[in-house]
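**Student:** I'd like to ask you about the structure that follows.
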Amino acid sequence: CYNGWYGTDCSIPSVVSPIGEWPKWLKPAHLDIPSNEVTGRLVNLNAAVEKKRPLIYVYDLPPEFNSLLLEGRHFKFECVNRIYDERNATLWTEQLYGSQMAMYESILASPHRTLNGEEADFFFVPVLDACIITRADDAPHLSLENHTGLRSSLTLEFYKKAYEHIIEKYPYWNRSAGKDHIWSFSWDEGACYAPKEIWNSMMLVHWGNTNSKHNHSTTAYWADNWDKIPSDRRGNHSCFDPAKDLVLPAWKRPDVTSLSAKLWSRPRENRKTLFYFNGNLGPAYTSGRPEATYSMGIRQKLADEFGSTPNKEGKLGKQYAEDVVVTPLRSENYHEDIANSTFCAVLPGDGWSGRMEDSILQGCIPVVIQDGIFLPYENMLNYESFAVRIREDEIPNLIKILRNINETEIEFKLTNVQKIWQRFLYRDSILLEAERQQTGFGRVEDWAVEFLQQSDDDVFTTFLQ
């Protein structure tokens, strides 16, 4: 940081920092001026910082939990939502785990942030697990030696070390036994591998598995499996508790083309495809994932019934229909294809996938097939008003169920999708970057212009609500 500034984001001033350079969230927000008409000079005006509840205190953790991980990324795009080109223009990444960085930066720059832990309503603990897992194999300051190759075990250890740090250095944990603390778990299986010591806290995840049906590790990737982590480290908790935790949307790259075309608002009559899914369908298809446990077998069952692309044996799904697309072939116009569809599948991959966000952001009614597993905000929003849930054992009847939904109900759900789509958009993070580019280089990119036109509640606002 420059002289006079400190903190993980160099935004915290010391007594030698000019007030004019303070960040917005610290500057006095209003002046108290007498209501009666005043003539002459105004003196003794009281400047006050306008507090916005809830107030969030962000722990300034040692660099091993954040900046060291960011500094030593294997590849530029890993675990971040943006990188920069040679002229410092912003390049947004496709990194689904970039939501963790987007949320962290939004909290750091928010007027809801406080430096006074005594007045805080919540405490945010910024452990960047997305960077830990992507770097676990060969980062110089990370070692899997004592974890039998399990990245999940190594990550659990990081969270426990952060817990030990804050209870040793700060007085805030014990006032609620950690219930007012917030932890972010961005990886495929969410907070499944949270250490038992922090389970009282609120978990921000993408994987809302209540373990009511799938009560074990659901990933087909062995290094992320948590079944073998001893209970004396993990405890016996579920992956997600809807009474205290929140599923947040995954990061999606700002797509100016989709936004300017208003794909989210495409009307019902232009959505000619009844049902759409494009993605890995398992070992029956060329380049498909070989593990039978991938997607808990759900994608494979869907393809067996409704596959619209021939598998390795040249067979289509048993119930193939022309207005149903279930294909592993990557589309060149993926967002357009979703916007041309009425219903879109939301299925797991290795844990969560980004299909809910794809569906909502293009205005398609999500069809959720994952029993006992919550989607973004599902414990807060009325999902019946804009989505369809199908039990895993109902997959053979899926298309019959969808065809039996009447037009009034379809229009009702499509209208509600159009009302909430911005809640799945990390607009706050995007506009913070636009502001940085404008301040630093005096330019506003196309993506900034398009996102400045949006005004409804986004992910960060929804999280605060």
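The values are calculated or read from the model by the stated rules, or taken from the named source; none is laboratory data. A quick note: this is a predicted structure, and the numbers were derived from the prediction, not measured. In this analysis, Cβ positions are derived from the backbone assuming ideal geometry, glycine residues included, and neighbour counts consider all displayed protein chains. Keep in mind that these areas ignore ligands, DNA and RNA; they rest on the heavy atoms of the full protein, side chains included. Shrake-Rupley method; radii C 1.70, N 1.55, O 1.52, S 1.80 Å.
**Student:** Dividing the convex hull volume of the alpha carbon atoms of the chain by its residue count, what do you get in Å³ per residue? Spell out each step's value before the answer.
**Tutor:** On the way: hull volume 86.3 nm³, N = 465.
About 186 Å³ per residue, rounded to a whole number.
**Student:** With the contact rule set at Cα under 8 Å and sequence spacing of 6 or more, what percent relative contact order holds for the chain?
**Tutor:** Details: 823 pairs, mean separation 57.1, N = 465.
Once normalised by length, the contact order is 12 percent.
**Student:** While we're here: Over region 181-340, what lengths in whole Å, largest first, do the semi-axes of the equivalent ellipsoid take, defined as the square roots of 5 times the eigenvalues of the alpha-carbon gyration tensor? Walk me through the intermediate numbers first.
**Tutor:** Numbers: eigenvalues 233, 103, 32 Å².
For region 181-340, the semi-axes come out at 34, 23, 13 Å.
**Student:** Quick one: which residues, 5+ away or cross-chain, put their amide H under 5 Å from the amide H of Val346? H built at 1.01 Å from N.
**Tutor:** Val367, Val368, Ile369
**Student:** Further, regarding this structure: Take the alpha-carbon centre of region 411-446, take the same for region 150-221, and report the distance between them in whole Å.
**Tutor:** Distance between centres, Cα-based: 29 Å.
**Student:** For a quick check of your reading of the filter: which chymotrypsin sites (Phe, Trp or Tyr not before Pro) in region 42-145 sit in a DSSP loop and have no more than 15 other Cβ atoms within 10 Å?
**Tutor:** Qualifying residues, ordered by number: Phe75.
**Student:** Determine, from the Cβ-Cβ distance of Leu91 and Glu21 and an R0 of 22 Å, the FRET efficiency 1/(1 + (r/R0)^6), rounded to the nearest 0.05.
**Tutor:** Details: r = 28 Å, r/R0 = 1.27.
According to the calculation, E is roughly 0.20.
**Student:** Could you check how much of the accessible area of the chain is carbon and sulfur, as a whole percent, using a 1.4 Å probe? Intermediate values should be presented prior to the final figure.
**Tutor:** Working: 10640 of 21430 Å².
With neighbouring chains kept in place, the figure for the chain is 50 percent.
**Student:** Ranked highest first by the average count of other Cβ atoms within 10 Å around their residues, in what order do 339-350, 447-458 fall?
**Tutor:** Going by the mean number of other Cβ atoms within 10 Å, highest first, we get 339-350, 447-458.
**Student:** Label point 7 Å out from Glu64 along Cα-to-Cβ: which residues of region 166-197 have amide N under 16 Å?
**Tutor:** 166-169
**Student:** Could you state the number of Å between the C-alpha centres of region 241-261 and region 269-318?
**Tutor:** Their Cα centres are 25 Å away from one another.
**Student:** Pulled fully out, how much extra length does the chain show between Asp457 and Val256, if you take 0.36 nm times their separation in residues and subtract their Cα-Cα distance?
**Tutor:** Numbers: separation 201, 0.36 × 201 = 72.36 nm, distance 1.86 nm.
Gain in length upon complete extension: 70.5 nm.
**Student:** Can I ask one more? Using the heavy atoms of the protein chains alone and a 1.4 angstrom probe, what is the accessible area of region 56-247 per residue in square angstrom?
**Tutor:** Values: 7590 Å² over 192 residues.
With all protein chains present, region 56-247 gives 40 Å² per residue.
**Student:** Need one number: % antiparallel among DSSP beta bridges in region 256-424, to the nearest 5.
**Tutor:** On the way: 1 of 14 bridges.
Of those bridges, close to 5 percent are antiparallel.
**Student:** Now a separate question. So what are region 256-424's ellipsoid semi-axes, whole angstrom, largest first, if each one is the square root of 5 times an eigenvalue of the alpha-carbon gyration tensor? Present the calculation step by step, with values, prior to reporting the outcome.
**Tutor:** On the way: eigenvalues 119, 59, 51 Å².
Gyration-tensor ellipsoid for region 256-424: 24, 17, 16 Å.
**Student:** If you don't mind, there's one more thing I want to ask. What FRET efficiency do you get for Lys179 and Lys400 if R0 is 35 Å and r is their Cβ-Cβ distance, rounded to the nearest 0.05? Before the final figure, lay out each step's value.
**Tutor:** Working: r = 45 Å, r/R0 = 1.30.
Efficiency, rounded to the nearest 0.05: 0.15.
**Student:** Would any residue of region 218-245 have its amide N under 13 Å from a label point 7 Å out along Cα→Cβ of Ser212? List them or say none.
**Tutor:** Taking a point 7 Å out along Cα→Cβ of Ser212, the residues of region 218-245 whose backbone N falls under 13 Å are 240-243.
**Student:** What is region 97-243's relative contact order, in percent, from Cα pairs under 8 angstrom and six or more apart in sequence? Write out the running numbers ahead of the final one.
**Tutor:** Values: 195 pairs, mean separation 35.4, N = 147.
Answer for region 97-243 is 24 percent.
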